[in-house]
Each structure stands twice: as structure tokens, then as C-alpha cells.
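Worksheet: the structure to be examined is printed underneath.
The values are calculated or read from the model by the stated rules, or taken from the named source; none is laboratory data. All values reported here derive from a predicted model rather than from experimental measurement. Counting neighbours? That spans all protein chains shown, and the Cβs are built from the backbone with ideal geometry, glycine included. Heads up: the accessible areas ignore ligands, DNA and RNA and are worked out on the full protein's heavy atoms, side chains in. Shrake-Rupley method; radii C 1.70, N 1.55, O 1.52, S 1.80 Å.
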Amino acid sequence: DSCLTAEVNGFEIEILSFEGEESSVAVGLASPGVISGEDMVGWMPNSIGYHSDDAKVYQGSGDADAAVQVARMFTVGDTVGVYMNPSSGAVYFIVNGEQDGRVFDNVRIDEPTPVISLCG
């Protein structure tokens, strides 16, 4: 079972490489089965994702104007993570162990599951 629980409330990954200049990665959470094919986490309903290419957090929509700008982009060599309090729905993202202070409140994702999306 890969869903988040009260005991397991987040994950981190280290970005080891990108295949090209236009490559990007997103980390986040989604309900099982909502991300498929070329979708990036955060673009679909019941998902939230932090994207490396524009340093924005998308929540349920691929509209860049509706996404929230966060502190910094991340790239090769960075460790990025997402954490959630499943009971309150609070979600925050970290890069290299530091949070930018932004918390996304009342995020509702059925059975929140860690997701890593790749593009490019």
C-alpha cells in the first residue's frame, strides 16, 4: 500500500539527471489512477504537484496562471519533497531540506499517493 497515512506523510527524491534542456520533473500527491500518459502531477483533479521548470505548484489544473509561484526552481543535484498532514489537508514542499514557508491548506485528495512526473 503506497498511500500516505498518519505515520507516513511525505517523501523526498534526489534529482540525479535530466535528459535535455527542456526536461522537467514534478513531485506531488494524487489519488490513485488520476495521473496517466503525459499528465503532470497537479494538472489533474485530485492532485497537487511542484514543477521544476517554472517553480509553481499546480493543484487540480494545468493552468499556469492559476498555479502558485514558490521560492525556487529545482534541478539536478537537488532533493525535493512533499509532505501532507492527511487529517488537516495541509501540504508543503521542500527543496534541499528547506521549506519556503508556504503551506497549501485544505487539500483534498482521496487516498493521497506519492507521484513523480517526468516530461521531456
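Do any strands (runs of 3 or more DSSP E) entirely within the range 1-85 hold 1 or more residues that are open to solvent by 70 Å² or more (accessible area, probe 1.4 Å), and if so, which? Break it down stepwise before answering.
Values: elements: 10-14, 24-30, 47-51, 56-59, 79-85.
Hits in the range 1-85: 10-14, 56-59.
When restricted to residues that are free of Cβ contacts under 8 Å to residues at least 24 places away in the same chain and surrounded by 14 or more Cβ atoms within 10 Å (Cβ to Cβ), the range 93-111 contains 2. Regarding Asp54, is this residue in contact with a Gly (Cβ under 7 Å, 6 or more places away or on another chain) and free of Cβ contacts under 8 Å to residues at least 60 places away in the same chain? In short, no.
Condition check: in contact with a Ser or Thr (Cβ under 9 Å, 6 or more places away or on another chain), among the hydroxyl-bearing types (Ser, Thr, Tyr) and in contact (Cβ under 8 Å) with a residue 24 or more places away in the chain. Does Thr79 satisfy that? No: the conditions fail for Thr79. No other residue among Val115, Val103 is among the hydrophobic types (A, V, I, L, M, F, W, C) and either under 23 Å from Glu14 (Cβ atoms) or touching a Ser or Thr at 6+ places or on another chain (Cβ under 8 Å) (or both) apart from Val115.
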